[in-house]
């Protein structure tokens, strides 16, 4: 019997250590992956754009030094200052030119080809979905007026929704809200609903809090939420009284 408290303390200590290690993994893993991605991007740019541009700049502005240097390292100010600046300009210029073909026939044709090539379509569709999600979330931030709770998909359960517009019922004059109900874990797909304004619950969630809660399946839910309308709570208390 005397060993039970000791065993419990050891179990609790082991659980604490395990949880701390897992929490540390959640902190370090995104940083490590971000570092690997940035390092990979830099190496690709160095080998494909910055390096060749640095050599061309050396040939253009210092032909004698370029001929004498051979395979020797490039000057520091060219490789790490002038060449990166020129590479940034070239990349931005190429992106600007590519933006001129956005949603054009050529763009749609290229999408169709890449989405129908076996093997390539898996990678291209995944990357395209991520980019579309990012771009749509940036544009939707301006369209969503406020966040509310609506009863969906059946009475008794509520989901967060974004108010996108409002209108009036032509028969009753009742004000209706057009709301967008995003789905988990991909908020770019969802449902458009028309609901009476007096049946929704206003919540103090901003766009980022709501999207994080939806994408995480509710793991990152804000600690508090107003689930019922204040007027309905008051009416219920009066009836009980």
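The values are calculated or read from the model by the stated rules, or taken from the named source; none is laboratory data. Computed from a prediction, not measured in an experiment: that's the story for all the values here. Cβ coordinates were reconstructed from backbone atoms using ideal geometry, including for glycine residues, and neighbour counts include every protein chain displayed.
Odds and ends about this structure:
- Being surrounded by 15 or more Cβ atoms within 10 Å (Cβ to Cβ) and either at pLDDT 90 or above or on the phi < 0 side of the Ramachandran plot (or both) is not true of residue 191.
- When we screen 155, 185 for residues that are surrounded by fewer than 13 Cβ atoms within 10 Å (Cβ to Cβ), under 16 Å from residue 214 (Cβ atoms) and out of contact with any strand residue (DSSP E or B) (no Cβ under 6 Å at 6 or more places or on another chain), the only hit is 185.
- Scanning the range 86-105 for residues that are more than 16 Å from residue 49 (Cβ to Cβ) and surrounded by 11 or more Cβ atoms within 10 Å (Cβ to Cβ) returns a single hit, 101.
- Given (1) within 18 Å of residue 221 (Cα to Cα); (2) surrounded by fewer than 15 Cβ atoms within 10 Å (Cβ to Cβ); (3) at pLDDT 90 or above, index of the condition residue 196 fails: (1)
- Every condition in (1) in contact with a helix residue (DSSP H, G or I) (Cβ under 9 Å, 6 or more places away or on another chain); (2) farther than 30 Å from residue 126 by Cβ; (3) modelled with pLDDT under 85 is met by residue 235 except one, and the failing one is (1).
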